Amino acid sequence: MRERLPALTALLLLAALVAGTWWAAHYTHSTVELDPPRRYTHEPDSWANDFVMLRTDEQGIAVNRLEGRFMQHYPDDDSYHVDAATALVKQKENPLTTATADLAIMDEAGQRIQMIGNAYVHRQPDTKGDRFSIRSDQLTIYVDEDKITTDRPAVIINGPNILQGIGVEYDNTSRQLQVHRNAQVTLTPAQPPPAP
Amino acid sequence: QPAEPDTVILSDTLDYDDIKRQSIFNGNVILTRGNLNLHADRVTVNEQADGSQHAIATVQQSPRVLVRQETPEKYEIIKGQSTRAEYHSASEQLTLIGQAVLTRSICGKVIDSIQGERIIYNKKTDTYQAIGGHSSANQRVRSVARPRAQIDRAIAECKQKAQ
């Protein structure tokens, strides 16, 4: 039994070595996640300066452009927060609308853009050349329906007339505007054309 | 020719159609233009091609459309009421339709009053004309007017009160 002692101790040492390395490997694997799941906390996971995002419809025609000075993307609700933002919407043959605000939040896969802080929407003048703009402290743009809504007080300038009210809904396709509460409209008479 | 005054319209809700250039005001509508103001439940304003406005005022809940025009320099107040009123900003003509009554009072005293199916009041020339019409009960226009002397006396009286 005595002469087999060195062989036995070598075997034991070898087994200890194998167990030790197996434990070390297992331990490191369990602490460091190989493929960690997406982090769903409301912290930005990507950001960009002088951000421009262009969204196209199925035919590849651009319908929406969102640009701004600084963008942060939040993974939990997949929303883009853009500072000093400008959002342009051009749907089929509807007139182009340009919206600016201090902060824009685009979510719902780009369907909805909330313009927050000095929100101002300007619609391209129509055939009659009348200016049409909506100003409020918050406006929500629904890109695919081409609608602009707010439940805050808003001032709408339409050609020479000024419309005010609380709660406004404007559909750019049918070009219908609804004011839900306290509508006040000032119609300034069209100036007679200057005498020739 | 003084610049045309703005028309200010207050209401509960507003539906504006940019293609038809039509605004529909609903609920406690108050239309003010210079010293003319009009109360109704619903006013539809159509913008004409030349940019002038054509307003049609009707009532649902309240009994009548009420119109009031003050001319302070002549101490004169004209009050009108009817079931429907139309106003055309280009010709500044107000038409009261349906059991229309228009009274003119100077210094608070009623000087003349007219009833008829339809009364047309022209703001520019400050004249009004009433038409009997088929549906009003007596088919005729009823008008009561004070003699000129009484009107001047009322104005003079007002002037003293004013000083």
Among all residue pairs at least 6 apart or on different chains, which show Cβ distances below 9 Å where the first residue, located in the range A:171-196, is more than 28 Å from B:Asp41 (Cβ to Cβ) and the second is open to solvent by 60 Å² or more (accessible area, probe 1.4 Å) and at pLDDT 90 or above? A:Asn172/A:Glu145; A:Thr173/A:Glu145
Which pairs have Cβ atoms under 9 Å, sit 6 or more apart or on different chains, and link a residue in the range A:139-168 that is free of Cβ contacts under 8 Å to residues at least 12 places away in the same chain to one that is open to solvent by less than 30 Å² (accessible area, probe 1.4 Å) and not in a loop (DSSP other than H, G, I, E, B)? none
Filtering the range B:17-28 down to residues that are under 22 Å from the mean Cα position of the chain (by Cα) and more than 8 Å from chain A (Cβ to nearest Cβ), which residue is surrounded by the most Cβ atoms within 10 Å (Cβ to Cβ)? B:Ile24
Can B:Ser52 be described as facing chain A (nearest Cβ under 10 Å) and either modelled with pLDDT of 90 or more or touching a helix residue (DSSP H, G or I) at 6+ places or on another chain (Cβ under 8 Å) (or both)? no
Scan the range B:41-49 and give yes if some residue there is at the interface with chain A (Cβ under 10 Å from one of its Cβ atoms), under 18 Å from A:Arg175 (Cβ atoms) and under 20 Å from the mean Cα position of the chain (by Cα), otherwise no. yes
Note: among A:Ala48, A:Ala24, just one is small (Gly, Ala, Ser) and either touching a Leu at 6+ places or on another chain (Cβ under 6 Å) or in a strand (DSSP E or B) (or both), namely A:Ala48
Among the candidates B:Leu31, B:Leu14, residue that is out of contact with any Phe, Trp or Tyr (no Cβ under 6 Å at 6 or more places or on another chain), part of a strand (DSSP E or B), within 11 Å of another protein chain (Cβ to nearest Cβ) and of a type outside the set (S, T, N, Q): B:Leu31
Name the pairs whose Cβ atoms lie under 7 Å apart, with the first residue in the range A:56-79 and of a type in the set (D, E, K, R), the second surrounded by fewer than 12 Cβ atoms within 10 Å (Cβ to Cβ) and part of a loop (DSSP other than H, G, I, E, B), and 6 or more positions between them or separate chains? A:Asp76/A:Tyr40; A:Asp76/A:Thr41; A:Asp76/A:His42
Would you please list the contacts, defined by Cβ atoms under 8 Å and residues six or more apart or on different chains, that run from a residue in the range B:2-22 that is within 16 Å of B:Thr58 (Cα to Cα) to a residue that is surrounded by 17 or more Cβ atoms within 10 Å (Cβ to Cβ) and aromatic (Phe, Trp, Tyr)? B:Ile9/B:Phe25; B:Ser11/B:Phe25; B:Thr13/B:Phe25; B:Leu14/B:Phe25; B:Gln22/B:Tyr16
Take residues that are polar (S, T, N, Q) and surrounded by 15 or more Cβ atoms within 10 Å (Cβ to Cβ) and tell me which of the strands (runs of 3 or more DSSP E) falling wholly in the range A:107-196 contain 3 or more. A:132-142, A:147-158, A:176-187
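The values are calculated or read from the model by the stated rules, or taken from the named source; none is laboratory data. Being a predicted model, the structure only gives us computed values, none of them experimental. For neighbour counting, all protein chains shown are included, and Cβ atoms are generated from backbone atoms with ideal geometry for every residue, glycine included. Keep in mind that these areas ignore ligands, DNA and RNA; they rest on the heavy atoms of the full protein, side chains included. Shrake-Rupley method; radii C 1.70, N 1.55, O 1.52, S 1.80 Å.
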